[in-house]
Amino acid sequence: MTDKVFEKAINKQFEFDEEVASVFDDMLNRSVPFYKEMQRLTINFGLKFLNENDKVYDLGCSTASTLIELAKHSSFPLQLIGIDNSEAMLARAQKKANAFGVAIELINEDLHNISYEEAKLIISNYTLQFIRPLQREKLVKKIYNSLQKDGVFIFSEKVISQDKILGKQSIDEYYEFKKTQGYSEFEIAQKREALENVLIPYTEEENKKMILEAGFSHCETIFKWVNFATFIAIKK
Ligand SMILES: C[S@@+](CC[C@H](N)C(=O)[O-])C[C@H]1O[C@@H](n2cnc3c(N)ncnc32)[C@H](O)[C@@H]1O
Ligand SMILES: O=C(O)C(=O)C[C@]1(C(=O)O)C=C[C@@H](O)C=C1
């Protein structure tokens, strides 16, 4: 379904509710530049580290499209676990997983409340940005602790620039991208307002600092388009 959520006047903060979930795959494809390429890289790099029956978590899995694609591209079975606290998202995730015949354990819970079991790969694309900063650092520490030795954390985030002028230019460039995807200036302005204080982006450097402070030995940007970046962090 086409995303028309912000065509009408909205006076509330952005939420992953039924309305957003119903158009979410379209929203993501049209709102995150190179979303499919970022997903392809997440899966391909993830697979390089994985062996048969390894445990993989997707934190903020939404409609489970990444875990489904991962299963489709893996030549061996994996233990796939998707976590999200939006019931509307998980209902769609379950339907899609059934349709593709992919076994995924879907857990409706806040990411902070999970007792994570030891995993080889943890994915979290465009989700940490929705976690309050102090909680975010704690969650990343928890992610680090739950990874096995040589485990990998792949995550993507909307990022801001350290430079004020470049930051403004980057946001302008991103809104130009949104226009090419068919969003009107009104929709763009409404969503920007709804995301204010809900989506809190860090700079690329702040993300890497948070990761290294959690204990990871290495963190690298593997993909970046203006204000959207994908990182790989390795636990040694
Ligand atoms: C932008 S979406 C993630 C997109 C998804 N990773 C993908 O690539 O298709 C963010 C997701 O995180 C979930 N989320 C946000 N905060 C959460 C929290 N504290 N606990 C669990 N899920 C959360 C939302 O419900 C939403 O589905
Ligand atoms: O549309 C925007 O402004 C965005 O920041 C895109 C973004 C994201 O980066 O997570 C924001 C909310 C939706 O979950 C989908 C995409």
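Leu59: net charge of surrounding residues, Cβ under 11 Å, Lys/Arg +1, Asp/Glu -1, itself excluded? Present the calculation step by step, with values, prior to reporting the outcome.
Values: positive: Lys142; negative: Asp58, Asp84, Glu109, Asp110.
Residues close to Leu59 contribute a combined charge of -3.
Past 24 Å, Cα to Cα, is the threshold; run Lys142/Lys235; Lys8/Lys178; Lys72/Lys138 against it and keep the listed order. Each step should come with its number before you reach the end.
On the way: Lys142/Lys235 13 Å; Lys8/Lys178 17 Å; Lys72/Lys138 32 Å.
Those over the limit are Lys72/Lys138.
Pop out the ³J(HN,Hα) list for the stretch 179-190 in order, Karplus 6.51 cos²θ - 1.76 cosθ + 1.60 with θ = phi - 60°, rounded to Hz; leave Gly and Pro as x.
Once rounded to whole Hz, the list reads 5, 5, 8, x, 7, 7, 4, 5, 4, 4, 5, 5.
Can you tell me how much longer the chain between Ile234 and Gln181 gets when fully stretched, taken as 0.36 nm per residue apart minus their C-alpha distance, in nm with one decimal? Write down the numbers at each step before the final one.
On the way: separation 53, 0.36 × 53 = 19.08 nm, distance 3.46 nm.
That works out to 15.6 nm of additional length.
Order by neighbour count: Thr203, Thr180, Thr63, fewest other Cβ atoms within 10 Å first, most last.
Numbers: Thr203 16, Thr180 9, Thr63 24.
Starting with the residue having the fewest Cβ neighbours, the order is Thr180, Thr203, Thr63.
Please compute P(r) over all alpha-carbon pairs of the stretch 117-216, binned at 10 Å starting from zero, and give each bin as a whole-number percent.
Binned Cα distances yield the sequence 14, 39, 28, 16, 3.
So what is the orientation-averaged projected area of the chain, using the convex hull of its C-alpha atoms, in nm²?
Mean projected area of the Cα convex hull: 12.1 nm².
In whole Hz and in residue order, list the ³J(HN,Hα) couplings for the stretch 206-211 that follow from phi through the Karplus curve 6.51 cos²θ - 1.76 cosθ + 1.60, θ = phi - 60°; x for Gly and Pro.
5, 4, 5, 4, 4, 5
Would you tally the net charge around Leu47, using a Cβ to Cβ cut-off of less than 13 Å, leaving Leu47 out, and scoring K and R as +1, D and E as -1?
+1
Is it possible to state the helix-based mean residue ellipticity at 222 nm for the chain, with each DSSP H run of 4+ residues giving -39500 (n - 2.57), the sum divided by total residues, to the nearest 500 deg cm²/dmol? What is it?
-14000 deg cm²/dmol
Name the shape class, rounded, prolate or oblate, that the alpha-carbon gyration tensor gives for the stretch 31-142, where a ≥ b ≥ c are the square roots of its eigenvalues, rounded holds for a/c under 1.5, and otherwise prolate holds if a/b is larger than b/c and oblate otherwise.
Judged from the Cα gyration tensor, the stretch 31-142 comes out rounded (a/c under 1.5).
Defining a contact as two alpha carbons under 8 Å apart and six or more residues distant in sequence, what relative contact order in percent does the stretch 13-118 show? Write down the numbers at each step before the final one.
Values: 134 pairs, mean separation 28.5, N = 106.
27 percent.
Using R₀ = 25 Å, calculate the FRET efficiency as 1/(1 + (r/R₀)^6) where r is the Cβ-Cβ separation of Ser22 and Ser75; round to 0.05.
So, using R0 = 25 Å, E works out to roughly 0.15.
Which far-off residues, 5 or more places away or on another chain, put their amide H under 5 Å from the one on Thr127, with H placed in the peptide plane?
Here the answer is Ser156, since their amide H atoms fall under 5 Å of that of Thr127.
May I ask you to sort Cys61, Cys219 by Cβ crowding, counting other Cβ atoms within 10 Å and putting the fewest first?
Taking fewest neighbouring Cβ atoms as first place, the list is Cys219, Cys61.
Every number here is computed from the coordinates shown, using simple stated rules; none is lab data. The shown structure was predicted, so the numbers you read here are calculated from the model rather than taken from an experiment. Virtual Cβ from ideal backbone geometry, glycine too; neighbours counted across all protein chains shown.
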